[in-house]
Amino acid sequence: MDQKEILERAKSYIEEEQDKTFCSEVEKLIQENNTSELSDRFYQNLEFGTGGLRGIIGGGTNRMNTWVINRATQGLANYFIKTFPEKAKAGTLQAVVAYDSRRYSDVFAEATARIFAANGFKTYLFTGLRPTPELSFAIRTLGCDTGVVVTASHNPPQYNGYKAYWNDGAQVTEPHDVGIIEEVNAVTQVKTISKEEAIASGKLILIDSLIDEKYWEMVKRQLFRPELIREKAKEVKVVYTPLHGTGAMHVEKVLSDLGLTVITVPEQREPDGNFSTVEKPNPEESAALKMAVELAEKEKADVVMATDPDADRFGSAVPDANGNFVLITGNQMGALLTDYILLSRKELGKMPQNPAIIRSIVTSPFADKICASYGVKLEECLTGFKWIASVMADFEKTGRNSYVFGFEESYGYNVENEVRDKDGVSAAAMCAEMTLYWRAKGKSLLQRLEELYSQFGYFEDRAISKNFPGASGGQTMKNIMAKLREEGLKTLAGKKVVKIRDVGTSTIYNPACPETKEALDLPKSNVLQFFLEDGTIVSARPSGTEPKIKFYINGTAPVSEGLDKAKENLGNLCDNIASEINSILDATK
C-alpha cells in the first residue's frame, strides 16, 4: 500500500472515528508527516481473528479504538441475526457484555452494548469491571446468544482486546468463527443508540449482584471437602494479588467465605489500566509476583496466589523447606490439580462414568501419566481454551465421556461445567482446598509434586518466544513455519527426531520416511511438533493473538538414578534445545 493510499485511509478514519483523542493522534501524525507510523496504523484493518480482537490502543484502522470496536460488534450482531432469523424477527436475541480494568475497556464495552441494543438484542451490561469467567457464566445463566468481554488478558498496558462468545459460554469456534470474520469484514454501516435510549427502551439492562452471587456460590460448590475447610482454614494464610485487575472482589469474597485468611497486596489491589507496579500483569512471570512474594515472606504466608487482569489465569508460589518461595508453573499446577481432583473423586466416590481430563497439545504430558494411574482418559485438543470447551461440549452431546478437569500450560484451569473458559477464581479456591488437604497430611504442595515426580518421572518445560511486529512480521512468521515444514528438524541437542506431527496438514510421520503419513484427528492449526527419541516434545506455534512465534519444550527424564540427577540431566537438555531454537530464531532475516 503506497503512502497516498495510507493518507486517504487515515483521513477517512478521522471522519468516522467518534473518539476525539484517537482522531487527534492521527491528525498529529499527518501534520508531522510521520509516514512510518501512519503506515503501521493503516496498512490493514486490525484483524478480527478466530477469538476476536487484540491490539495496541490508539488511533488507526490497525489499532484498538471505538472505530474498530464498532465494526466488530456490528459484524458480530449481523452474524447472529442471520444465523437465528426467527429470534431476530421476534426480538428475542440476547447478549451480555463485560470488561476488565484496562484503559478504554469501559468505553469499548459501552459502545459494544449500545450497538447490540440498536440491533434489537436484549443486552446486559455489567455496571463495573468483571472477570472473563464470569462473562462465560453469565451467558449460560442468562440464556444469552452471545457475549463479549473487553480485555487483553495478560498483555502489557498498551494493549486491549475483545473476545467474542457463543451461546454455550465458550469463545466462538468453527464454522462460526469464519462466518463472523466475514461479516465483520463486510461492515459498511454501524447501527448504534445512546445508552439512555437503550435503557429506556428496555434493550439495555445493567447487572451486577444478579450474577455475582450466583457465580460465587457456583465456585464454592466445586470444592470436595467443606468439612476440612471449616476445620483447618484458619491454619492457612494466603497472600493474593489481582495485579491491578478484576480479581480482588471475587477471590477475596470466595476465600474469605471459606474462612481463609487473605492478605491482598495493597499496592496492586485497585484496578489500574497502566499496571503501574509491573512491566506486564502476567502471573506466568516471576517479576509480576515479586511484591506478593515479598509480602508473603514478611507475613510468613503458606501460599501466594495471583490472577491476571481479567482473572482467567491463575498463578501460585509456595515456600520450600528453607522458606524461599518457589513459583509453580502452569504445567506443574495442572498436574497437581489433576492428581488432587482425581484422588478426591476416587476417595469420596464421586468419580463419574468414563471420566476424562482435557489438555492442550503444547501442555506437558505429565498429567497423562497421572490420569493413566487412575484409569482416566486424557484427551488432547488445540491450544486455546475454546478448544477445551469444544471437547467439553462434544462430551455432553455424545455422552462418550464425563468432563472432570481441563487445563493448559499458560496458567489456565477449569474445574467446573458452568464456565466454558479458564477460571482463575475457581482455580484459586481449588488450590486453597488442595493446600489444606496436603497440609493435613503433613505435606506441602512442593512435597506432593516431588512424590509425583518419583512415581511418574521428572518433567520440565520451557517456553521461547520472539516478537515479529509490523507489516512484515506476519510474513516472517509464515516463512519460519514454511521452512520448518520443508526442512524439518532432524535432531535437537543431539537427540534424533523420530516423529513429526503437523497439525496444519493433519498428518503424523517419521522424518526418516516422510512419504508414509498417518491422519491426525485434530482441527487444522498452524502448529508443528517434533517428538525426540527420549520422549521430549518440541512444538512451534505462531500466536493467534500477538505478533510472536512460540516454541514449547516439554521434556521428561526417568528417575532411576534419583530425582536430583534427573533434574540435572533434563535441565541441561532443555538448555541445549533452547539454545538451538534461539539460534534458529536469531538467524531469521
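The values are calculated or read from the model by the stated rules, or taken from the named source; none is laboratory data. No experiment lies behind these values; they were computed from the predicted model shown. As a convention, Cβ positions derive from the backbone with ideal geometry for all residues, glycine included, and neighbour counts pool all protein chains shown. To get the accessible areas, we keep the full protein, side chains included, count just its heavy atoms, and leave off ligands, DNA and RNA. Shrake-Rupley method; radii C 1.70, N 1.55, O 1.52, S 1.80 Å.
Projecting the Cα atoms of Ser276, Val184, Ile211 onto the charge dipole of the chain (Cβ charges, centred on the Cα centre) puts Ile211 farthest toward the positive pole.
Taking Cα pairs under 8 Å and at least six residues apart, what relative contact order does the chain come out at, in percent?
Details: 1190 pairs, mean separation 63.4, N = 589.
That works out to 11 percent.
A simple charge model with +1 on the Cβ of Lys and Arg, -1 on the Cβ of Asp and Glu and nothing else charged puts the dipole of region 322-377 at about 160 debye relative to its Cα centre.
I'd like the accessible area for Asp40, computed on protein heavy atoms only with a 1.4 Å probe and all protein chains in place. Round to 10 Å², please. Spelled out: Asp40, probe radius 1.4 Å, area about 40 Å².
Once backbone amide H atoms are built at 1.01 Å from N, Phe325 has Asp320 as its partners under 5 Å, excluding neighbours fewer than 5 places away on the same chain. Ligands, DNA and RNA aside, Cys23 has an accessible area near 20 Å² when probed at 1.4 Å.
Give me the net charge of Asp145's neighbourhood, meaning all other residues with Cβ under 13 Å from the Cβ of Asp145; Lys, Arg count +1, Asp, Glu -1. Once positives and negatives cancel, what remains is +2. Projecting the Cα atoms of Asn417, Ala393, Ala432 onto the charge dipole of region 388-432 (Cβ charges, centred on the Cα centre) puts Ala393 farthest toward the positive pole.
When nucleic acids and ligands are ignored and a 1.4 Å probe is applied, Asp502 ends up with an accessible area of around 10 Å². Under 5 Å between amide hydrogens, built in the peptide plane, is the criterion, and for Val559 it picks out Tyr458 among residues at least 5 positions away or on other chains.
How many percent of DSSP beta bridges within the chain run antiparallel, rounded to 5?
Working: 55 of 87 bridges.
So the antiparallel bridges in the chain amount to around 65 percent.
Note on the chain: dipole from Cβ charges, positive end direction compared against Gln332, Phe405, Gly442; the farthest Cα belongs to Phe405.
Using all pairs of distinct alpha-carbon atoms, the Kirkwood hydrodynamic radius of the chain works out to 25.0 angstrom. Computed from point charges on the beta carbon alone (+1 for Lys and Arg, -1 for Asp and Glu), the dipole magnitude for the chain about its Cα centre is near 800 Debye. Taking the 1.4 Å solvent-accessible surface of region 422-548 as the whole, the part contributed by carbon and sulfur is 48%. Within the shell of other residues whose beta carbon sits under 9 angstrom from the beta carbon of Val497, the net charge comes to +3, with Lys and Arg scored +1 and Asp and Glu -1.
For the set Val219, Val293, the ranking by accessible area, highest first and with no ligand, DNA or RNA atoms included, is Val293, Val219 under a 1.4 Å probe.
Each residue of region 298-310 was assigned a 3J(HN,Hα) from its phi angle through the Karplus expression (A = 6.51, B = -1.76, C = 1.60, θ = phi - 60°), giving 5, 8, 6, 6, 8, 7, 9, 10, 8, 10, 7, x, 9 Hz with x at Gly and Pro. Spherically averaged projected area of the convex hull of Cα atoms, region 111-155: 3.5 nm². Evaluated with a Cβ-only charge set (Lys, Arg +1; Asp, Glu -1), region 455-525 carries a dipole of roughly 180 debye about its Cα centre, given to the nearest 20.
Using the rule -39500 (n - 2.57) for each DSSP H run of four or more residues, divided by the residues of the chain, the 222 nm mean residue ellipticity is -13500 deg cm²/dmol. Using a probe of 1.4 angstrom and keeping all protein chains present, the accessible surface of the chain works out to 40 square angstrom per residue.
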